[in-house]
Amino acid sequence: MSTIRINHDGSGEFTLERGCVAHIDTSKCVNCGTCREICPVEAIEEAQRRICRVCPECTDQPVMRLDDIDDFCTKQSCTTACPLGISPQGYIGLARNGKLEEAYRLVWEKNPLPSVCAHICHHPCEQVCKRGVLVDDPMAIRGIKRYLGEHTDYELPKYPKMHDERIAVIGAGPAGLSAGHFLSSMGYDVTVFEGNMEPGGMLVRGIPEFRLDREAVKKDIRKLQEAGLKIECGARIGKKAVSELQKEYDAVVVAAGTPHGKEITWVDKWNYDAVYTAIQFMDFMNNDQNTYRMPHQNFVIEGKEGVVIGGGSVAMDTARAALRMGADKVTVVCLEEGEYVPAHQWEKDEAAEEGVVFMEGYSPKDYTGRVNTLEGIDFVKVDSFSKDDSGKISFTTDDSQVVHIPAQFCITAIGQYADDIYPAADGDTVFYAGDISGAACSVIDALASGRKAAYDVDAVIQERTVRDAEIGQKLVQAPMEEKIFPCNRRKTQRHERPMTDPEDRIKSFDEVELTYTDKRFAQEVLRCLGCGYSLIDGEKCIGCGICEKYCPEGDVISMVRK
C-alpha cells in the first residue's frame, strides 16, 4: 500500500492511499485512446515509437538522421492530426482483431457525421501517417472507416435531459449539427434552425453526389434526430428573428455558414448571363434550385466549352460536375501554381482523369462576347503570388502575356461570404461555429468547430470547464526497446480506394469512390505499424481501475499491487 498526493483543481492537495497501479501490455494496446480520455487524473499519455530509418534498402523513403528520427516520432500522430481527435490506429487495431463494432463505435462516439466523413473527409491523418512518411505509403484510413460504416450499424443513445437551459443553433450544416449534438449530449434542450427545406447545409447544396452519396447524409442526420436532436427546416432567420431567439433562448450558436459565392467584380462584364458563382451552379445541379440565380440566367451548358476560375476543392467539384452535365470541355484556371494550388493533389488527379484541363498561374482580365453572350475569356500571366497568415492574397501580373480561352460559360469558385445579419459573438450568449466563424472550411474542421462552440456554451452556462480530451494532447517518446524496425514488418502495398473507371464516371452522377471488398479491407488493416500506444505515468496513477474496466480490448490493462 502506498500514498499519492492529488492536486484538486488548484484548490489544494489531499492524500490518497493507493493499493494498485494500472499496467498496460504495450504489445496488445491498439492506441484507441479510451483509457486516456477516461482517466480522472490525466495519468495516461500517448507514446510514439521510434521508426528506424537508417538503412536505405529496407524502405522506399529517404534515410533520416538519428536525431531527426527522435524529433519526428513525437511531432504528430494520426490521432493528433484529426481535428476531432479520433484515433485511426485505434479503430484499425480493433478491426484487425475482429472487433468491427467496437472499431466503428470509436469513430461515431466522437463524430456526429461518421458516414459523411467516411465519404469526403480530406483525411489529414493520412498525411502524417508514419508508414507513409517513413516507409512506403500511408494507411488508407478513410477507406477503412467507410468499410466499417457500411458493415456495422450504430444507434446513438437518447440524449439526456439534465439542464433547464435552452440553446438555439442557426444552421443545420456540419458545424450546426455538431454543436447541436454535443450540447444535447451534455443534457441541454437544443433546437437547430435551418433555412432550407432539408438539413445538411453545403453537404446537400454544395457537394456533388458523385463525391457524397445523399443516403450517407440522411443516415447520419436521421440518427441524430432519433437520439432527440430537434431540427426545424424552412426557418429562415432574419435580423428580427435573431433578436427573438436571443430573448427566448439562453444561448445562440450561429453556424449559418457562408452561403453566397464571391464574384469577380473587378473584371468588366462580370455579370454576363453565362457567368455563375460556384454556389449558384452547384445549388441548381444538386437540387434544381434557382434561389441564387439572376432572372436572366440559365444553366444550359450541354455541348458548350467552359472555364472554372479558382484552384480549390470547390473548383474541382464544379469542373467535374460540368462535364457530367454535358459540357464538351472544362478548363480550370487559377492564380496559384504547383504545390500552391489549394486543392488536394488527389482531387486534381481525379479531375484530370475525367478530362478537366488545367492552366495555372493566370488571372482573368476580360470577358469577351456580344450583347451579354459570353464567347471567351482573356487571362494574363501572374508574375508574383503570395498569401499572408490571414489568407489574404496578393499578386502581380504581366499584361503583355495574354491567353484567350474560348468559353460559352464560366463558373467562379473563388470563395464565399456570409450574411451580415447576425450579432457579434460575445462569448456570453452568442457563439459562432463553422465557416462563418473563420474556422478552416473542411467538413471535419466544421465538426470540430461545432464541438468547441458546444463546450464554450457549457463553460459559460455552468461556470465550469469540461476537459476536452481530444484537444491539446501531448505526445511522449516511447522507450528505446519499443523501437520499430520496418524490415521486420509486413511488406504489403497500399490498396488504393476502388474507383469507377474515368470514362464511365463522367456519364452519370453515381459515386466515384467505392467500398473495399472484405479481402482488401482485411489486407489493408494489417499494414498498420502500430506506432503509438497508451503509456501510464505510475506517479500520477491513483489505481482506480476505470481504465481497465472500459478498455475495449479487455486484456490490455491490469491492476498491479504496489
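Values in this text are rule-based calculations from the coordinates and carry no lab data. Since this is a predicted model, take the numbers as computed values, not measurements. Cβ placement follows ideal geometry from the backbone for every residue including glycine, while neighbour counts extend to all protein chains displayed.
Each listed q (0.14, 0.20 Å⁻¹) maps to a log10 I(q)/I(0) for segment 68-204, found by the Debye formula over equal Cα scatterers with no solvent: -0.75, -1.19. What shape does segment 343-424 take by its C-alpha gyration tensor, where a ≥ b ≥ c are the square roots of the eigenvalues and a/c under 1.5 counts as rounded, a/b above b/c as prolate, and the rest as oblate? In terms of gyration-tensor shape, rounded. Positive-end ranking of C551, I309, V54 along the dipole of the chain, with charges on Cβ about the Cα centre, is headed by C551.
Of the beta bridges in the chain, as assigned by DSSP with both residues counted there, near 50 percent are antiparallel.
Under a point-charge model restricted to the Cβ atoms of Lys and Arg (+1) and Asp and Glu (-1), what is the dipole moment magnitude of segment 193-274 relative to its Cα centre, in debye to the nearest 20? Spell out each step's value before the answer.
Details: 14 positive and 14 negative charges, 12 e Å.
So the magnitude is around 60 debye.
May I ask you to list the GluC sites (Glu not before Pro) in segment 403-488 that are in a DSSP loop and have at most 15 other Cβ atoms within 10 Å of their Cβ?
Values: sites: E463, E470, E481, E482; in loops: E463, E470.
Sparse-neighbourhood loop GluC sites (Glu not before Pro): E463.
Using the Karplus relation 6.51 cos²θ - 1.76 cosθ + 1.60 with θ = phi - 60°, the per-residue 3J(HN,Hα) values for segment 173-183 come to x, x, 5, x, 5, 5, 4, x, 5, 5, 5 Hz, with x marking Gly and Pro.
Comparing T331, G376, I461 along the charge dipole axis of the chain, the residue lying farthest to the positive side is I461, per the Cβ-charge model.
Note the full-extension length gain between E215 and E232 as 0.36 nm times their separation in residues minus their Cα-Cα distance, in nm to one decimal. Numbers along the way, then the final one.
Details: separation 17, 0.36 × 17 = 6.12 nm, distance 1.99 nm.
This chain segment gains 4.1 nm when fully extended.
Taking N as the residue count of segment 260-416, its C-alpha radius of gyration divided by 2.2 N^0.38 Å amounts to 0.98.
Spacing of the modelled spin labels on S558 and T492, each 7 Å from Cα toward Cβ, amounts to 3.0 nm. Using the Cβ of P208 as centre and a radius below 13 Å, the other residues enclosed give a net charge of -4, where K and R count +1 and D and E count -1. In this label model, D153 and D510 are separated by 2.6 nm, measuring between points 7 Å along each Cα→Cβ vector.
Starting from the Cα-Cα distance between D71 and R18, subtract it from 0.36 nm times their residue separation and give me the gain in nm to one decimal. Extra length from D71 to R18 when fully extended: 15.5 nm.
Candidate cross-link partners of K452 among the aspartates and glutamates, defined by an alpha-carbon separation under 13 Å and a same-chain spacing of 8 or more, comprise D468, E470.
Would you work out the charge dipole size for segment 260-416 about its Cα centre, treating the Cβ of every Lys and Arg as +1 and the Cβ of every Asp and Glu as -1, and quote it to the nearest 20 debye? Mind dumping the intermediate values first?
Values: 13 positive and 26 negative charges, 95 e Å.
For segment 260-416, the charge dipole is close to 460 debye.
In whole percents, the pair-distance distribution calculated for segment 60-138 from its alpha-carbon pairs, binned every 5 Å from zero, is 3, 14, 20, 23, 18, 11, 6, 4, 0. Rounded to the nearest Hz, the phi-derived 3J(HN,Hα) couplings of segment 161-172 under the Karplus curve 6.51 cos²θ - 1.76 cosθ + 1.60 (θ = phi - 60°) are 10, 10, 10, 7, 5, 10, 10, 9, 10, 9, x, 10, where x marks glycine and proline. In segment 260-416, Cα pairs under 8 Å separated by at least six residues give a relative contact order of 30 percent.
Just flag the GluC sites (Glu not before Pro) in segment 140-210 sitting in loop per DSSP whose Cβ has no more than 10 other Cβ atoms within 10 Å.
Details: sites: E150, E155, E165, E194, E209; in loops: E155, E165, E209.
When the GluC sites (Glu not before Pro) of segment 140-210 are filtered for loop state and at most 10 Cβ neighbours within 10 Å, E155 remain.
Grab the beta carbon distance between D60 and D420, set R0 = 45 Å, and tell me the FRET efficiency rounded to 0.05. Walk me through the numbers on the way to the answer.
On the way: r = 51 Å, r/R0 = 1.14.
Plugging the Cβ-Cβ distance into 1/(1 + (r/R0)^6) gives 0.30.
Explain nothing, just the number: relative contact order of the chain, from Cα pairs under 8 Å at least 6 residues apart, as a whole percent.
Numbers: 1158 pairs, mean separation 143.8, N = 562.
Relative contact order for the chain comes out at 26 percent.
Partners of K240 within straight-line reach, counting lysines whose Cα lies under 24 Å from its Cα and excluding those fewer than 8 residues away in the same chain: K230.
So what's the chain giving for Cα Rg divided by 2.2 N^0.38 Å, two decimals? Kindly include the intermediate steps, with their values, before the conclusion.
On the way: Rg = 25.8 Å, N = 562, 2.2 N^0.38 = 24.4 Å.
Relative to the rule-of-thumb radius for its length, the chain sits at 1.06.
With 29 Å as the limit on Cα-Cα distance, the pairs of K474/K519; K145/K329; K110/K130; K161/K474; K158/K540 that go past it are K474/K519; K145/K329; K161/K474; K158/K540. Ranking G195, M64, G176 by Cα position along the charge dipole of the chain, where only Lys, Arg, Asp and Glu carry charges on their C-beta atoms, puts M64 farthest toward the positive end. Charges were assigned to the Cβ only: +1 to each Lys and Arg, -1 to each Asp and Glu. The resulting dipole of the chain about its Cα centre is roughly 1280 debye. Between E244 and Q473, the modelled label-to-label distance comes to 4.4 nm, taking each label 7 Å out from Cα in the direction of the beta carbon.
Based on DSSP H runs of at least 4 residues, each adding -39500 (n - 2.57), what is the mean residue ellipticity at 222 nm of the chain after dividing by all its residues, to the nearest 500 deg cm²/dmol? Don't jump to the answer; show the numbers that get you there.
Values: 20 runs with 171 residues, N = 562.
Rounded to the nearest 500, the figure is -8500 deg cm²/dmol.
Partner aspartates and glutamates whose Cα lies under 13 Å from the Cα of K262, excluding those fewer than 8 positions away in the same chain, are identified as D419.
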